[in-house]
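One structure is given here, and the rest of the page talks about it.
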Amino acid sequence: MVDHGTSAVSLNHAIAGLKFFFTVTLDRPELMVRMQPVRVPRILPVVLSPDQVRRLIEAAGNLKHQTALSVAYGAGLST
C-alpha cells in the first residue's frame with residue numbers, strides 16, 4: 001500500500017482492521033505486536049484577517065445568509 005501512494009489515514013484504517021482481525025477473530029495478537037500506526041502530520045488552519053472576514057460576510061446576499069456565516073465563523077465551523 002505504501003508503494004502505491006496510499007495516504008496515512010487509509011493505512012491506519014487498514015492497520016486497525018488487521019489488528020482487529022488478528023486479535024479478536026484469530027486470537028493471535030502476537031502477530032500484530034510490531035505493527036504501529038502511521039503518524040499523520042498536523043496541518044495548521046488558515047486564519048483569516050478581520051478584513052477578509054468582513055468581506056466574506058458582506059459577500060452573502062441577504063441578512064439571513066450573513067447571519068449564518070457570522071455564526072459559523074464565530075463558532076469556528078468554517079476554515
Restricting attention to region 37-79, and to residues there that are among the polar types (S, T, N, Q) and at pLDDT below 90, which single residue is surrounded by the fewest Cβ atoms within 10 Å (Cβ to Cβ)? THR79
Mind listing whichever residues of region 30-52 are touching a Ser or Thr at 6+ places or on another chain (Cβ under 9 Å) and outside any loop (DSSP other than H, G, I, E, B)? LEU31, MET32
Taking interchain pairs and intrachain pairs at least six residues apart, which have beta carbon atoms under 6 angstrom, with the first residue in region 39-62 and free of Cβ contacts under 8 Å to residues at least 24 places away in the same chain and the second among the small types (Gly, Ala, Ser)? ILE57/SER70
Looking at (1) under 20 Å from the mean Cα position of the chain (by Cα); (2) in a loop (DSSP other than H, G, I, E, B), which one does ASN12 not meet, given that it meets all the others? (2)
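The values are calculated or read from the model by the stated rules, or taken from the named source; none is laboratory data. Bear in mind the structure is a predicted one, so any value in this text is a computation, not a measurement. In this analysis, Cβ positions are derived from the backbone assuming ideal geometry, glycine residues included, and neighbour counts consider all displayed protein chains.
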